[in-house]
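Following: one structure in structure tokens, then a few remarks.
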Amino acid sequence: MLDSVCDLDDLDISILKMLTTNSRRSDHSIARKLNVTANTVKNRIRNLVEEGVLLGFETHLSATFFNATHCWLAAELSGSELEEKIIDEIGEIDKVNFIMPTTENLMLIAMDFFNSTDLDNTIQQMSRIKEITGIQTLIYSSQHLHRKIEISPLDWKIIKSVRFNNRKSPSEIAKECGVSARTVNRRLRRLHDGGVIRHTITFDPMASRGTIVYGINTEYDARFPRDKVVRSITSSVENLFNHFVMVNSPTVLLIFFGKRFSDIHDNENAIKAVEGVRSIKTYFCPKVYYFKDWRDKLIEENAGK
């Protein structure tokens, strides 16, 4: 973790949320949405980068377009002494996107899989790590049908160009790919709107002073309507950054950026008060580890053709 003087406030978190959903969104567009000036947004983003909170602006292939499904694996550990070693071993698996170790001898592993055999093989591979004593699978997206569009060799070159820096200008991308800026804009819009790619960020909110990143895993009674329970939970809490609704179990994982431990207790009590909630468990997340995965291999294979 970096020694930092950055102190995230509500505006910083709102900007991060918007960049998570579309990191090529312009400063002017973000400013209009948040009712601030474009210069304010520009300065906040610059500060977040300089302080090590905002690590990168990335373009990812959409897993669901390629018929993959997202899930979390909650890996229980026998202890935390060899945490770095375990993270390195798990990160070698090409289905793993990122890992959030917690203070509860548990790792939250975000990954993709293409079918049940693929998932089983990945779990078996992780289970061979002797420090892992158990793995729970939490699937938070099922396969979706996208309008299948053809991805040309030029499209792959453009995707590769923006993979780890999607805030490049269209003219920069055009120069790299040997086409016009107008072509770049048209191709990127088509790929984004067609569900092939998504523009997002990598970030380390724990690099900021006083920010507490934590997750609350919430189990609810399956007899209650899932959508109603989720709406009740998300509307009753504060400082919610993201949430994942599982489709293979009556579970919701909520990720928060907090400032005070009293906020955590308030959110826990608010969730417990929601009708249908059976139990909760809170995890504190000191860091996020990102990895190249199967999507990067796919880009490299096709961009070179």
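The values are calculated or read from the model by the stated rules, or taken from the named source; none is laboratory data. Note that the coordinates shown come from a computational prediction; the quantities given were computed from them, not determined experimentally. Here the Cβ is made from the backbone with ideal geometry for all residues, glycine too, and neighbour counts use every protein chain on show.
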Restricting to strands (runs of 3 or more DSSP E) lying wholly in segment 196-305: which have 1 or more residues that are touching a residue at least 24 places away in the same chain (Cβ under 8 Å) and within 28 Å of residue 166 (Cβ to Cβ)? 197-203, 212-220, 240-245, 251-258
Residues within segment 1-47 that are in a helix (DSSP H, G or I), among the acidic types (Asp, Glu) and either out of contact with any helix residue (DSSP H, G or I) (no Cβ under 9 Å at 6 or more places or on another chain) or modelled with pLDDT under 95 (or both), tallied: 2
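Here's the yes/no breakdown for (1) modelled with pLDDT of 95 or more; (2) in contact with a helix residue (DSSP H, G or I) (Cβ under 9 Å, 6 or more places away or on another chain); (3) aliphatic (A, V, I, L, M); (4) within 30 Å of residue 154 (Cα to Cα):
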{"site": "216", "(1), (2), (3), (4)": "yes, yes, yes, no"}
{"site": "219", "(1), (2), (3), (4)": "yes, no, no, no"}
{"site": "223", "(1), (2), (3), (4)": "yes, no, no, no"}
{"site": "250", "(1), (2), (3), (4)": "yes, yes, no, no"}
{"site": "270", "(1), (2), (3), (4)": "yes, yes, yes, no"}
{"site": "273", "(1), (2), (3), (4)": "yes, yes, yes, no"}
{"site": "277", "(1), (2), (3), (4)": "yes, yes, yes, no"}
{"site": "286", "(1), (2), (3), (4)": "no, yes, no, no"}
{"site": "299", "(1), (2), (3), (4)": "yes, yes, yes, yes"}
Just to verify a result, which residue in segment 152-167, among those that are in contact with a helix residue (DSSP H, G or I) (Cβ under 8 Å, 6 or more places away or on another chain) and surrounded by fewer than 17 Cβ atoms within 10 Å (Cβ to Cβ), is farthest from residue 22 (Cα to Cα)? 153
Which of the following residues is among the polar types (S, T, N, Q), part of a strand (DSSP E or B) and touching a residue at least 12 places away in the same chain (Cβ under 8 Å): 133, 103, 122? 133
When residues of segment 52-77 are limited to those that are in contact with a helix residue (DSSP H, G or I) (Cβ under 6 Å, 6 or more places away or on another chain) and assigned to a loop (DSSP other than H, G, I, E, B), the one surrounded by the fewest Cβ atoms within 10 Å (Cβ to Cβ): 52
Looking at the structure I just gave you, is residue 167 part of a loop (DSSP other than H, G, I, E, B), more than 29 Å from residue 245 (Cβ to Cβ) and either at pLDDT below 95 or of a type outside the set (A, V, I, L, M, F, W, C) (or both)? yes
Scanning segment 78-107 for residues that are over 20 Å from residue 204 (Cα atoms) and touching a helix residue (DSSP H, G or I) at 6+ places or on another chain (Cβ under 7 Å), which turns out surrounded by the most Cβ atoms within 10 Å (Cβ to Cβ)? 95
So in segment 227-280, with the set limited to residues that are of a type in the set (A, V, I, L, M) and over 28 Å from residue 15 (Cα atoms), which one is surrounded by the fewest Cβ atoms within 10 Å (Cβ to Cβ)? 273
For the condition more than 22 Å from residue 294 (Cα to Cα) and of a type in the set (S, T, N, Q), what is the one hit in 180, 127, 141? 180
If I ask for residues that are under 16 Å from residue 293 (Cα atoms) and of a type in the set (Gly, Ala, Ser), which ones from segment 107-124 would you list? 110
Hits in segment 167-185 (condition: within 19 Å of residue 197 (Cα to Cα) and aliphatic (A, V, I, L, M)): 173, 174, 181, 184
Give segment 261-285 a look and list any residue that's more than 22 Å from the chain's Cα centre (by Cα) and among the basic types (Lys, Arg), or say none. 272, 278
